[in-house]
Every structure is written in C-alpha cells, then in structure tokens.
Amino acid sequence: MARLDINSVSKAFGATRPADGLSLTVESGEIVAVFGPSGSGKTVLLRMIAGMFEPDDGDIQVGGRSIVGAAPERRGIGMAFQNFALFPHMTARDNIASGLRAKAGEVTARVAAISKLLKIEHVLGHTPRELSNGQKQRTALARALIGNPDVLLLDDPLRNVDAKLRYEMRLELPSLLRRGSAAVLYVTQDYREAMAIADRIAVLIDGRFAQIGTPDDIYAQPASVAVARLFGDPTINLAEVTPVAEHGALSVVVAGARTWLGSGVGVAPDGPCWLGVRPDDLVISSTPGDDAIPARILAVTPMYEKAVLLLRLADGTEWLAALPHDAPLGAADDAVFVRFAPDAAMLFDRATGLWIGLSHRRQAA
C-alpha cells in the first residue's frame with residue numbers, strides 16, 4: 001500500500017478558490033478527517049484526488065507517483081459518496097463487485113467476505129430501491145473497500161443515515177478501515193464524527209487548512225478562534241481581555257472580576273486578546289470568592305446527559321455553561337458566580353484571532 005501526498009494544491013472556479021495551496025500527507029493505514037463548514041472546499045479536494053477535477057497548481061501523489069492527469073480508474077483510489085451513487089438496475093451484490101477485475105469464483109468470495117463484515121449479506125440480492133439508507137451506505141462502502149485501494153476517499157458517508165446507525169458506524173468504522181492498509185481521507189461536517197473516527201483532523205476553512213493535528217490537540221489547543229468555534233456543543237465562550245503579568249502570574253479582568261490564569265506563564269501578550277473557555281469547563285455556584293465572576297442565569301435548557309445554562313455576566317456578555325444533569329443548576333434569574341480552572345483558559349490574539357496559548361497548557365498537552 002502507499003501514502004497519499006497533497007502538495008500545494010490549488011483550484012479556482014472564477015473568483016472562488018475552494019482549494020488554496022493545500023498540503024497534507026496521509027500515511028498508509030492512517031485515517032485523516034477533513035472537517036469544515038459547508039462550502040469550505042472539502043468535496044472539491046476529494047474530486048481532485050479522484051480525478052473528477054484537475055488542480056490548477058500543485059501535485060497529488062500516491063506512493064510517490066504523481067496521479068495528476070491520470071484517468072480516474074488508474075489512480076488506485078476507492079471512493080464512497082454521501083449520496084451512495086449506486087447503479088439502480090443492479091443488485092447490491094453486483095454494485096459491490098462492479099469495479100472488480102477478477103475471476104468469477106474470486107469475485108464471489110470477496111463479495112461474500114466484505115458483505116459479511118458490513119452485515120449486509122442478507123440483502124445482496126436486493127436492488128437499491130429495496131434497501132434502507134443504512135444498507136445503501138454499507139453497500140457503497142463495500143464497493144469502495146473491496147478492491148483494496150491504495151487510497152480510500154469517503155465523502156460524508158454517514159450524512160444520510162439515521163442517528164442510531166450513524167452512532168454504530170462511528171464505533172465500527174475505525175476498526176473496519178484499519179483492517180486494510182489504505183490511506184483514508186474522510187470528509188465530514190460533524191466534528192464529533194471527525195474526533196471519533198480519525199487519527200488526525202485537517203480543519204479546512206475557506207479553501208485552506210487552518211490546523212492539522214490529533215483530535216485532542218485541536219480541541220485543547222485550537223489554532224484560532226475560528227477553529228475553536230467549530231469544536232464543541234455548546235460553542236466556546238469568548239471575552240475580550242487585556243492580560244496583565246504580575247510577579248510571574250498572569251491575570252485578566254472578565255466582567256469586572258479579576259481572574260488568575262496561573263503562575264509561571266511568563267510575559268503578558270502585547271495588547272487585547274480573546275479569552276476562550278469551553279462551557280464544559282465552567283463551574284457555577286452561589287458562593288462569591290476569589291476568581292468568581294458574577295452572573296445571572298437567563299435560561300436553563302435540560303439536554304438529558306447535561307443541562308445548558310445561558311448566563312449574562314455583569315458587563316452584558318452572554319456565556320454558556322454545560323453542567324452534568326445532576327449538578328445543582330439554579331433557575332432563571334438566579335444570581336450566581338462563575339469559575340474556571342486556569343488550565344481551561346485559552347488566549348487568542350484579538351486582531352488576528354490566532355492562538356497565543358498559555359505555557360502551562362502546552363506543558364500539560
């Protein structure tokens with residue numbers, strides 16, 4: 001098997017540039033999720049790799065060999081689309097085998113093996129109109145996997161299946177994909193899916209990779225405010241602050257309350273910053289004290305495993321807190337105090353939105 005190398009690839013359609021100098025390496029046996037909002041360029045990237053579009057600039061290599069200009073069927077690539085793209089006149093069995101070039105006995109054995117693995121052996125004789133969305137999805141995935149491709153492209157394959165199957169496939173897909181040794185590029189608009197399935201995530205925003213890293217690194221140390229906002233539900237809380245360093249410790253003022261971000265942080269950033277704190281990292285109490293930010297509860301929304309509180313700080317800033325469902329929550333219009341641990345704080349440059357970070361977070365990561 002071979003690795004996939006994307007080297008400074010660009011593509012424009014008129015004034016729109018869905019790919020702008022993209023570079024990424026996917027090793028054999030690795031799963032990399034390309035994650036980003038709708039319109040960020042994810043599908044265009046996949047189609048350039050598959051041969052449906054050719055890049056305007058840059059190179060795409062599989063196993064060190066350029067595939068730019070090669071016919072799609074000669075690229076050693078398997079692909080499963082979000083709309084399944086099954087032949088309507090063929091049975092599931094024939095759809096799965098449609099790309100194989102092998103003897104009849106070998107085809108039958110390979111179709112049987114992959115369909116058993118994906119739990120669709122009982123519907124091999126059905127046409128697509130007789131299959132559920134989940135069965136269609138698995139049939140399309142089987143077709144992409146059966147040829148043992150060097151590179152496997154998955155274009156949001158779970159988007160059109162029901163919630164139960166989507167959850168099950170998030171658990172099953174990583175082990176299934178790693179049974180082969182293909183370099184897997186997995187496109188999704190669901191950050192949970194990216195974090196559950198991928199070894200690394202490439203965050204694509206406006207045709208550029210904003211950050212490439214492990215799921216843990218991207219969640220804990222997002223490269224920018226834009227990346228931080230894409231991960232987490234509810235989304236990250238932000239406050240404009242100007243950090244001050246005193247006696248080796250860094251502090252910020254949030255809604256009139258001084259909060260310390262820990263010792264040994266070093267020199268304060270030069271100028272205004274965004275302070276970012278995820279809702280899950282907030283602690284709510286009725287007790288004032290050090291590092292306590294006064295707030296008032298505007299609304300409480302139960303969400304089964306947790307409850308989300310909408311808070312208004314003293315300066316009018318609104319934050320969200322996500323608390324365990326069995327935690328003391330309070331009620332609308334209650335006065336409360338908000339705290340967070342120093343290692344939960346993130347700092348971003350106010351002008352550029354880029355991560356500044358704190359030294360104790362980098363050491364802990």
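As an exercise, find the ratio Rg/Rh for segment 123-268 from alpha-carbon atoms, using the Kirkwood inverse-distance average for Rh. Present the calculation step by step, with values, prior to reporting the outcome.
Values: Rg = 21.5 Å, Rh = 18.6 Å.
In segment 123-268, Rg relative to Rh is 1.15.
Computed across segment 4-222, the Kirkwood hydrodynamic radius from all distinct Cα-Cα pairs reaches 17.7 Å.
Per the Debye formula with a single identical scatterer at each Cα and no solvent contribution, what log10 I(q)/I(0) holds for segment 75-136 at q = 0.17, 0.22, 0.24 Å⁻¹? The Debye formula, applied to the Cα set alone, gives -0.58, -0.98, -1.14. At the listed q of 0.12, 0.15 Å⁻¹, the Debye profile of segment 1-97, built from one uniform point per Cα, gives log10 I(q)/I(0) equal to -0.44, -0.67. Sorted ascending by nearby beta carbons within 10 Å, beginning with the fewest, I114, I297 become I297, I114. Each of E318, E168 was scored by other Cβ atoms within 10 Å of its Cβ. Listed from fewest to most, they are E318, E168.
Under the simplified labelling scheme, the D334-E240 pair shows an inter-label distance of 3.2 nm, with each label point 7 Å from Cα along Cα→Cβ.
For segment 237-364, taking the reciprocal of the average inverse distance between every pair of different Cα atoms yields a Kirkwood hydrodynamic radius of 15.1 Å.
Could you compute the net charge surrounding K306? Neighbours are other residues with a C-beta less than 11 Å from the C-beta of K306; K and R count +1, D and E count -1. Let's see the in-between values first.
Working: positive: none; negative: D233, D280, E305, D326.
Residues near K306 contribute -4 overall.
Among I205, S132, Q221, which residue has its Cα furthest toward the positive end of the charge dipole of segment 4-222, with +1 on Lys/Arg Cβ and -1 on Asp/Glu Cβ? It is S132. With a Förster radius of 35 Å applied to the beta-carbon distance between H325 and E172, the computed FRET efficiency rounds to 0.80. A DSSP coil position with no more than 10 other Cβ atoms inside 10 Å describes the following trypsin sites (Lys or Arg not before Pro) in segment 73-149: R101, K103.
Each Lys or Arg adds one and each Asp or Glu takes one away; over the other residues whose Cβ falls under 12 Å from the Cβ of A196, this sums to -2. In the distance distribution for the chain, Cα-Cα pairs more than 31 Å apart total 47 percent.
Helical runs (DSSP H, four residues minimum) scored at -39500 (n - 2.57) apiece and divided by the length of the chain put the mean residue ellipticity at 222 nm at -6500 deg cm²/dmol.
When only the Cβ of Lys, Arg, Asp and Glu is charged (+1, +1, -1, -1), the dipole of the chain relative to its Cα centre reaches about 1460 debye.
List the trypsin sites (Lys or Arg not before Pro) within segment 154-196 that fall in a DSSP loop (any state other than H, G, I, E or B) and whose Cβ has at most 12 other Cβ atoms within 10 Å. Mind showing how you got there, number by number?
Working: sites: R159, K164, R166, R170, R178, R179, R192; in loops: R159, R179.
Answer in residue order: R179.
Can you say what percent of the DSSP beta bridges in the chain, counting only those with both residues inside, are antiparallel? Round to 5. Can you show the working numbers first?
Working: 60 of 78 bridges.
So the antiparallel bridges in the chain amount to around 75 percent.
Can you figure out the FRET efficiency of H247 with L354, using R₀ = 35 Å and their beta-carbon distance, to the nearest 0.05? Show your work: numbers first, answer last.
On the way: r = 27 Å, r/R0 = 0.78.
Once the sixth-power term is evaluated, E becomes 0.80.
Shown is the FRET efficiency for A85 and R296, computed with R0 = 35 Å from the Cβ-Cβ distance and rounded to the nearest 0.05: 0.10.
FYI, it's all coordinate maths here, none of it is from the lab. No experiment lies behind these values; they were computed from the predicted model shown. Ideal geometry is used to build each Cβ from the backbone, glycine not excepted, and the neighbour counts take in all protein chains shown.
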